[in-house]
Structures are given as structure tokens and as C-alpha cells.
Amino acid sequence: MVSQARLVSSTLIKKNWMTDEVVRLTFSDPHIPALAVPGQFVFLRPSPLNYPLLRRPYSLFDVDEEKGVFDLLVKVVGVGSRILSQRSEREMVDLIGPLGNGFFLSDNSGQRELLTWSDSKHLIVAGGMGIAPMHFLARRLKERGEEVVVLFGAVSRNEVLCSSEFQELGALFVVSTEDGSLGKMGKVSSLIPEYLSRDKRIQIYACGPRGLLKEVVELSRREGLLCQVSLEERMACGLGACRSCVCKVGTESQFEYKRVCRDGPVFRGEELIVEKG
Ligand SMILES: Cc1cc2nc3c(=O)[nH]c(=O)nc-3n(C[C@H](O)[C@H](O)[C@H](O)COP(=O)(O)OP(=O)(O)OC[C@H]3O[C@@H](n4cnc5c(N)ncnc54)[C@H](O)[C@@H]3O)c2cc1C
Ligand code: FES
């Protein structure tokens, strides 16, 4: 694939705190919404100063091509995300994007082979901030009239994110929490069997902690389901040069290393060897 990513300066036009730790940032930019596909990310400089030096990767949470805006969902976990979350509306943020290979959809302009869509049910499985790339994906699927079920897992009810945003798209949004404070008590993977209907072809899209991804990939292999996984790795260059972000693709006995930033972040479940982080 020829990268269409560009270095742009986007204006932060809106900040909306979703929880104590997660902020939705809306940027104005005509380039990224026109080119992006779900699952791609931007690589941004959190601060206008030189600290922190390295850019940080963030998934495209949503794009609006008509309005020329896109959204990121940022969880404050360290220095870069804290500075980013403190940027003010109307400030310019330096970013590169859209980057990476997104989810394999039939209008991805030939980036990957096409999937057929008839009689499919789309199960989105997200743990914590793994929800970030899924809203844009759900939007595209619902635009095609597809059935979309979002299974979202959080530690506790105060970390449950974006239920109304997905419901507005027409997706079914089902929650599990580890402490049982909202939805079913337990891990989000325990919700999956209930939604595996026999009459429809199931396509699973997963993002979140490694343990969850491993479970989803293993279940998909057992059940013969189509599965796509979006990986998060720490990134240095973000452009495929430094190989700091590799993952294993192949089988346990015969595998190769792929770069999450360039070859991913989305990989087919059947080709991925998920190692617990
Ligand atoms: C392709 C991709 C898409 C991403 N999309 C989002 C998103 O939409 N929203 C979001 O909030 N985060 C996302 N992340 C994670 C985000 O990039 C990191 O949280 C961010 O870089 C942390 O920077 P920091 O300076 O705040 O933290 P640091 O000070 O660098 O680190 C703080 C803590 O966060 C951990 N950490 C840092 N980077 C990562 C990472 N990539 N994965 C797991 N743990 C990490 C560190 O180990 C450390 O414990 C994404 C990561 C990738 C690779
Ligand atoms: S971050 Fe440098 S190769 Fe991926």
C-alpha cells in the first residue's frame, strides 16, 4: 500500500471529558477524514515544545468527512497523554496521519482483499481503551446496513465509555465489568458465546489488553470465525523504520516479525501470535 499519510497541523476545536481520565478531542482537518479508514491512527506530538520528544499513536475514534473533522479518545496514562489532554481549544497540534493498515473493509480502495458481507453479524469486542478504534468501524458497518454488536469490558462502571455514541449509530452495546458494578460481572470474553449465532457468519473485531486478544483469537480459530485484531505496541518512529513495535505473525514453529505501525495495527486473527504483555 502506498501511504497517503501527511504531516499536518490540525486545530483542536473541541474537548469533551468522558470520564475523569478520558477526553475526546475533536480536530479540524480536511485531509485525514477524506483518506482514513477505520483502524488507522495518527502519530502526534503531544506538546508544541520538545518534551516529550517522541510522538504518540492514537486511533481515529471518528471522522466526519463532510465537516472535515476527526476525533481521538485519549486516556491520561503518562506524560504525553497528560500534556495532550491539557491542550486548549484553538491550539494547533502537529500530527502525521492517517497511518497503518486499518480493518479490512470492502471500500478500503484495494488495500487488502475484500470480504463478502451477506448474512454477516459483526461482533466488536473491546477492553478498556480498546474501544477507541471501534466507533469509526461501527459507523462504517452501520452505513452499509450491517448488524453490529459491541461487547465492551471495563474494570468498573466509572470506566464504561461511549455507550450512547454506539447506540446512536444503531449498534447494540453490551457491557461487562470485572467488579459487577454494571452489566454482567466478569471478563468481556465471557459475553461472546451468547452472540455467536449459527445462522449468520460472524466477524469479530477485537482491541484491548493482550489477554483478551489471545482469548478472542483462540476462540475464533476454534469456531472458524473471521477475526481481525488491532494491536497496541509502544512506538518510536511510527513509520516502519526502527522495528521497535514488532509482533509475531505465522505459527509457533514458523513465524516472522511484522511492524505494528506499518504492517498493522490491524492483523488477521488467524495469522497472529498473541503474546501476553
Ligand atoms: C496504534 C495505537 C493506537 C492507540 N490508540 C490509542 C487511543 O485511541 N487512545 C488512547 O488513549 N491510547 C491509545 N494508544 C496508546 C497510547 O499511544 C499510549 O497510551 C500513549 O502513547 C502513552 O503516552 P504517555 O506519554 O501518556 O505515556 P508514557 O509516559 O509513555 O507511559 C505511561 C504508561 O503507559 C504505558 N504505555 C505507553 N504506551 C503504551 C502503549 N502503546 N500500549 C500500552 N501501554 C502503553 C507505559 O508502559 C507506561 O506504563 C494507542 C497505541 C497504539 C500503538
Ligand atoms: S515504531 Fe518504528 S518500526 Fe514501528
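Please pick out the residue among S81, S88 that is more than 16 Å from ligand 2 (Cβ to nearest atom), modelled with pLDDT of 95 or more and in a helix (DSSP H, G or I).
Only one candidate passes the filter, namely S81.
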Hey, which of the strands (runs of 3 or more DSSP E) in the stretch 18-68, taking only ones fully inside, have at least 2 residues that are out of contact with any helix residue (DSSP H, G or I) (no Cβ under 7 Å at 6 or more places or on another chain)?
22-28, 41-44, 56-59
Taking the stated definitions as given, is K214 closer than 15 Å to E271 by Cα and charged (D, E, K, R)?
yes
Yes or no: the stretch 194-204 includes at least one residue that is crowded, with 20+ Cβ neighbours inside 10 Å and outside any strand (DSSP E or B).
no
Can you give me the ranges of the strands (runs of 3 or more DSSP E) entirely in the stretch 207-267 with at least 3 residues that are away from ligand 2 (no atom under 11 Å from the Cβ) and surrounded by fewer than 19 Cβ atoms within 10 Å (Cβ to Cβ)?
246-250
Answer yes or no: is there a residue in the stretch 145-157 that is assigned to a helix (DSSP H, G or I) and free of Cβ contacts under 8 Å to residues at least 40 places away in the same chain.
yes
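The values are calculated or read from the model by the stated rules, or taken from the named source; none is laboratory data. Treat the numbers as computed from the prediction; the structure is a model and nothing was measured. Glycine gets a Cβ as well: all are built from the backbone with ideal geometry, and neighbour counts include every protein chain shown.
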